[in-house]
Each structure stands twice: as C-alpha cells, then as structure tokens.
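Student: Below is one structure. I have some questions about it.
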Amino acid sequence: MCKVNIYITLKEAVLDPQGKAISQSLKDLDYDGVNDVRVGKYMQVELENRENAEQKIEEMCRRLLANPVIEDYTYTIEEVV
Amino acid sequence: MKFAVIVFPGSNCDEDMYHAVSGVLGEEAEMVWFKEAELEAYDGVLLPGGFSYGDYLRSGAIASVSKVIDQVKTFIASGKPVLGVCNGFQVLLEMEELPGAMLRNRDLTFMCHEESLDIRNNRTMFTSQYGTGETISLPIAHGEGNYYCDKETLETLKANDQIVFTYRNNPNGSTADIAGITNEQGNVLGMMPHPERAVEELLGNEDGVRLFESIVKNWRETHAVGN
C-alpha cells in the first residue's frame with residue numbers, strides 16, 4: 001500500500017481572489033510583511049500498491065484531479081507497510 | 001426538432017431548459033438522466049445549469065468524466081448543436097470541448113441578477129435571430145463564472161470569432177468580458193447567463209427566446225429537404 005499526497009496550486013498567471021482576501025485579513029490582524037497568499041488543495045490518495053504509482057497519479061491528475069488550464073500539481077509518495 | 005436535456009445529480013435548471021424548448025417553442029424535448037442517455041436519436045443536446053455533483057473538486061469536473069460524456073463528444077463531433085448554460089458551460093470547459101476554465105468570481109460572491117450582454121457574433125447557429133451588435137439582458141446566477149484563458153487562447157478565440165457574448169459591465173472578472181463562446185466548428189455554445197430563464201413575458205424578460213429560436217430555425221433550414 002502507499003499513500004500519495006497531492007498538492008494542487010493555481011498557476012502563477014492566474015489571479016487568486018480568495019488568496020487576496022486572506023492576505024488582506026492577515027494584514028488587518030497586523031501581520032506585516034505578508035507579501036502574498038495563494039490558496040490550493042491538498043489531497044491524500046491511498047493506492048493498493050506501489051507499482052506504477054507515479055504513472056497512475058500523473059494520469060489521475062491530468063484527467064480529473066487538476067485542471068491543467070489553471071492549475072499545477074506536485075505529489076509525494078509514501079510507502080506504507 | 002428533438003432535444004435532450006441531460007440531467008446530472010445536482011442539475012437545477014433542467015426543468016427551465018426543458019420548458020424553453022418544449023413549452024415555449026413547442027419542440028420535442030426529453031429530460032434524460034445522465035446514466036440512461038442514448039443521444040443518437042436527438043437533434044440537439046442541452047446541458048443545464050445547477051451544481052452537478054455539488055460542484056465538488058471543481059464546477060463541472062466530475063460530470064465531465066461521467067459515462068455519458070463519450071456520447072456527448074460523439075454528438076459534438078457529428079456537428080449537431082450542443083448548448084451548455086452555466087454549469088453546462090463549466091462541464092464543456094472541463095470536457096475540453098471549449099477552451100479555458102472557470103475561476104471564482106472576482107469578488108468571491110455568488111451573483112444573481114440581470115446583466116447587459118453585447119452580441120458579438122450573430123452568425124452562429126445559436127444567435128442568428130439577434131441583430132449585429134445588439135445588446136440584450138439575461139439573468140446570471142453563479143459563483144464561479146470568472147472565465148479565464150491565456151493570451152494565446154484569447155487571440156485564437158478572437159481570430160475565429162468564437163466570442164459570442166460579452167458583458168457590458170463585467171460582473172465577475174472574466175477575461176475580455178467573455179460571457180459565452182463557441183467551439184471552432186461553431187456547433188457548441190457555452191455561456192454563463194441563463195437564456196432559459198428569460199423566455200416569456202411572465203418571467204419579466206424574453207431576450208433568451210431568440211437563442212432557442214435560432215437553434216431550431218437553423219436546424220429546420222439544414223433539414224428542409226423534402227419539405
């Protein structure tokens with residue numbers, strides 16, 4: 001079995017109004033020096049086995065989990081014994 | 001003309017869409033549950049608004065990989081008209097039948113009011129009954145209608161005259177004020193405003209009727225052989 005942690009983030013060129021609102025709110029709480037906040041998604045996917053995990057996850061991200069027009073993705077794979 | 005209104009779990013403008021073509025225009029129409037859809041016998045497919053699969057993951061994303069989608073792709077490839085409104089537009093984007101993607105509205109709020117729209121292309125099978133440069137008013141109702149595409153895609157959309165509707169007063173931050181676009185072949189229209197909610201005087205607005213009339217008229221003209 002293995003656990004996959006997937007991080008999906010908005011592409012740099014894409015505006016993130018949610019991140020902007022959060023950034024403003026942090027400033028209102030007197031946190032100086034917050035340059036920017038970007039909101040993304042974190043998913044945990046559990047796979048039955050480690051075999052071809054990269055290939056499977058890549059395909060899942062491209063076909064469904066991320067939208068390549070606006071999002072980038074990265075992932076890490078942890079083997080669970 | 002025979003329409004299929006595809007109903008996904010969470011569709012909520014399906015009845016309105018059905019009423020627009022069946023009740024108002026008197027055409028044949030059926031509400032088709034997405035799992036049971038057989039689209040071959042239909043002349044037009046309508047993808048309604050709503051919140052398919054609760055907008056989980058991204059609006060339209062889960063519906064865009066459901067079983068019926070292969071059939072919708074075949075239908076599109078055959079050149080028959082497909083109209084996606086609101087969530088239907090989001091599904092078409094996620095299917096990659098239309099370029100671009102939807103982001104949350106610039107102001108992060110759900111918007112529900114009428115917007116003035118400029119008809120930018122009335123030479124489509126969806127807009128031929130509108131005048132060149134005409135301005136109409138249609139209701140919008142969405143939280144994720146902020147249309148996004150990169151510069152290159154925008155140039156292609158412009159060059160091919162695929163931008164059909166633009167907002168007069170951009171409510172949601174959409175790139176180039178875009179409210180509706182067609183595919184390159186011109187048989188798929190996706191739009192955020194709701195023409196099906198503006199089809200009779202009782203609803204306070206009839207500006208949407210001509211969109212459905214355009215589809216029917218163009219279909220009649222291309223199927224006029226023997227009539």
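Student: What number of residues within segment B:194-211 are crowded, with 20+ Cβ neighbours inside 10 Å, among the aliphatic types (A, V, I, L, M) and either in a helix (DSSP H, G or I) or in contact with a Pro (Cβ under 7 Å, 6 or more places away or on another chain) (or both)?
Tutor: Residues in segment B:194-211 being crowded, with 20+ Cβ neighbours inside 10 Å, among the aliphatic types (A, V, I, L, M) and either in a helix (DSSP H, G or I) or in contact with a Pro (Cβ under 7 Å, 6 or more places away or on another chain) (or both): 2 in total.
Student: Could you count how many residues in segment B:113-139 are assigned to a loop (DSSP other than H, G, I, E, B) and either free of Cβ contacts under 8 Å to residues at least 24 places away in the same chain or among the acidic types (Asp, Glu) (or both)?
Tutor: 5
Student: Among the residues of segment B:115-135, is there at least one that is surrounded by fewer than 19 Cβ atoms within 10 Å (Cβ to Cβ) and either among the aliphatic types (A, V, I, L, M) or within 14 Å of chain A (Cβ to nearest Cβ) (or both)?
Tutor: No, segment B:115-135 has no match at all.
Student: Would you please name the residue that is nearest to the other protein chains (Cβ to nearest Cβ), looking only at residues in segment B:26-54 that are in a loop (DSSP other than H, G, I, E, B), aliphatic (A, V, I, L, M) and surrounded by 15 or more Cβ atoms within 10 Å (Cβ to Cβ)?
Tutor: B:ALA37
Student: Then there is this: Any chance segment B:71-92 includes a residue that's at pLDDT 95 or above, within 18 Å of B:ILE178 (Cα to Cα) and polar (S, T, N, Q)?
Tutor: Yes; the residues of segment B:71-92 include at least one that is at pLDDT 95 or above, within 18 Å of B:ILE178 (Cα to Cα) and polar (S, T, N, Q).
Student: Is it the case, given these coordinates, that B:ALA4 is surrounded by 22 or more Cβ atoms within 10 Å (Cβ to Cβ), in a strand (DSSP E or B), without any contact (Cβ under 8 Å) to a residue 40 or more places away in the chain and away from chain A (no Cβ under 14 Å)?
Tutor: So B:ALA4 fails the test.
Student: Another one. Restricted to segment B:55-94, and to residues that are small (Gly, Ala, Ser), within 14 Å of another protein chain (Cβ to nearest Cβ) and assigned to a loop (DSSP other than H, G, I, E, B), which residue is surrounded by the fewest Cβ atoms within 10 Å (Cβ to Cβ)?
Tutor: By that ranking, first place goes to B:SER66.
For every residue, the table says whether it meets (1) over 17 Å from the mean Cα position of the chain (by Cα); (2) away from chain B (no Cβ under 14 Å).
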residue	(1), (2)
A:TYR7	no, yes
A:ALA21	yes, no
A:SER25	yes, no
A:GLY40	no, no
A:GLU46	no, yes
A:ARG50	yes, yes
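Student: Of A:ASN5, A:ASN49, which residue is exposed (fewer than 12 other Cβ atoms within 10 Å of the Cβ) and in contact (Cβ under 8 Å) with a residue 12 or more places away in the chain?
Tutor: A:ASN49
Student: While we're looking at this one, here's another question. When you scan segment B:95-107, do you find a residue that is more than 11 Å from every other protein chain (Cβ to nearest Cβ), crowded, with 18+ Cβ neighbours inside 10 Å, in a helix (DSSP H, G or I) and within 16 Å of the chain's Cα centre (by Cα), even just one?
Tutor: No, segment B:95-107 contains no residue that is more than 11 Å from every other protein chain (Cβ to nearest Cβ), crowded, with 18+ Cβ neighbours inside 10 Å, in a helix (DSSP H, G or I) and within 16 Å of the chain's Cα centre (by Cα).
Student: Of everything in segment A:5-23, what is of a type outside the set (Ser, Thr, Tyr) and assigned to a helix (DSSP H, G or I)? Give them in sequence order.
Tutor: Of everything in segment A:5-23, those that are of a type outside the set (Ser, Thr, Tyr) and assigned to a helix (DSSP H, G or I) turn out to be A:PRO17, A:GLN18, A:GLY19, A:LYS20, A:ALA21, A:ILE22.
Student: A further question on this structure: Among the numbered criteria (1) within 14 Å of chain B (Cβ to nearest Cβ); (2) under 28 Å from B:LEU98 (Cβ atoms); (3) loosely packed, with under 15 Cβ neighbours inside 10 Å, which one does A:ILE70 miss?
Tutor: (3)
Student: If you don't mind, another one. I'd like to know if segment B:159-170 contains one or more residues that are within 14 Å of chain A (Cβ to nearest Cβ), under 19 Å from the mean Cα position of the chain (by Cα) and closer than 27 Å to B:TYR56 by Cα.
Tutor: yes
The values are calculated or read from the model by the stated rules, or taken from the named source; none is laboratory data. Predicted, not measured: the structure shown is a model, and the values here were computed from it. All Cβ positions, glycine included, derive from the backbone under ideal geometry; neighbour counts span all protein chains shown.
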